1. Given points 7 Å out from each Cα along the Cα-Cβ axis, report the residue 48 to residue 89 separation in nanometres with one decimal.
2. With +1 on each Lys and Arg Cβ and -1 on each Asp and Glu Cβ, and nothing else charged, work out how big the dipole of segment 53-322 is about its Cα centre, in Debye to the nearest 20.
3. For 114, 160, what's the fewest-to-most ordering of other Cβ within 10 Å of each Cβ?
4. For segment 53-322, how big is the tail of P(r) above 36 Å, as a whole percent of Cα pairs?
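Computed from the coordinates by the stated procedures, all read-outs in this text should not be read as laboratory data. Keep in mind the model is a prediction, meaning the values are calculated, not measured. A quick note on method: Cβ atoms are made from the backbone with ideal geometry, for glycine too, and the neighbour counts reach across all protein chains shown.
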Amino acid sequence: MDDLILDAFDASQFIPGFNAPALPVERPDRETLDAAERNARHWTSRATGALTPGSDVHRDEMCRMFRETFNPYRPSVLDWPQLEPAALERITALPIWDIAVQTEGRARLRMAAYAASLDDAVMRDALALNAWEENRHKEVLSRMVAAYGIKLASEPPYVYPKDTEWAYLVTGYSECVDSFFAFGLFEVAHRSGLFPPELIDTFEPVMQEECRHILLFANWVAWHRARLNGWRRIRFELKVAGVWAFLVWERIGLARAMDAEGNEHRHDNNFTMNGAQQVTDVDISVPELMRLCLAENERRFSGYDKRLLRPETMPRLVRFALRFVRDRKN
């Protein structure tokens, strides 16, 4: 299995017993879509008392949240609005599409691989669904770039990770970082009016799904950490520290990747941190953008049970940094 290289993905080939969720064949009506959107954003546990990390109740409720907030949208029936020439040029010029598609391709495999390694059936099923949703994100992106004629580098094969826990941690923490900034940038794009509202609406379920993903990840980390003791806990904390060091290194400069033909491509891994100028024609300062990221992060998590843990690293770092940054004078 360690040497397996994949060009296609099917979670069931790694996770026995996993069944893909049923999706509508045709585009649902507006009322059904609105109900699915509300359901994906709001969830409260029926359990009483604290959801103590490491407990079976904590595991059951985080996994129940993930299942019960599932949004059954189908990529093949999403609407891709016709764009005015200027909007189309802005979309196609964004330097993110190659790395976005390939990131989702790696994430689906890494999450499925880690899920397959778990003996805990409840957690395994939740992470398998997470992997399936990552694959759906990739399909959404693939259909969008095809609809708008965006040229992508050929995808490299996706290699099954040798250390599945390390791969899952890299993917999870990376999503926590990128989603925090993506929430703010998505709102900047919304407010700018440079992109059609229909396109924003089409991507909205994907953005909220990312919120669910990192909510599950943050609670999995706390649950998993609490169940470790002795040298296993030390080993895990060292691995987490190594993951953060890797992510910092990865975001310094441009990422290099090889396509299927062996050609090198360079991608900006920091787009979610510094891409505001490419999604709006309004000059927005760094402090303004950071406050918007904080507000959007809070808004997207606000509908979920407060007893579930939230990703805190990026919000804490940004709040700390804002103490030392002055707003520009008008």
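1. 6.4 nm
2. About 1020 debye.
3. Least to most surrounded, the residues fall as 160, 114.
4. In whole percent, the long-distance tail amounts to 13.
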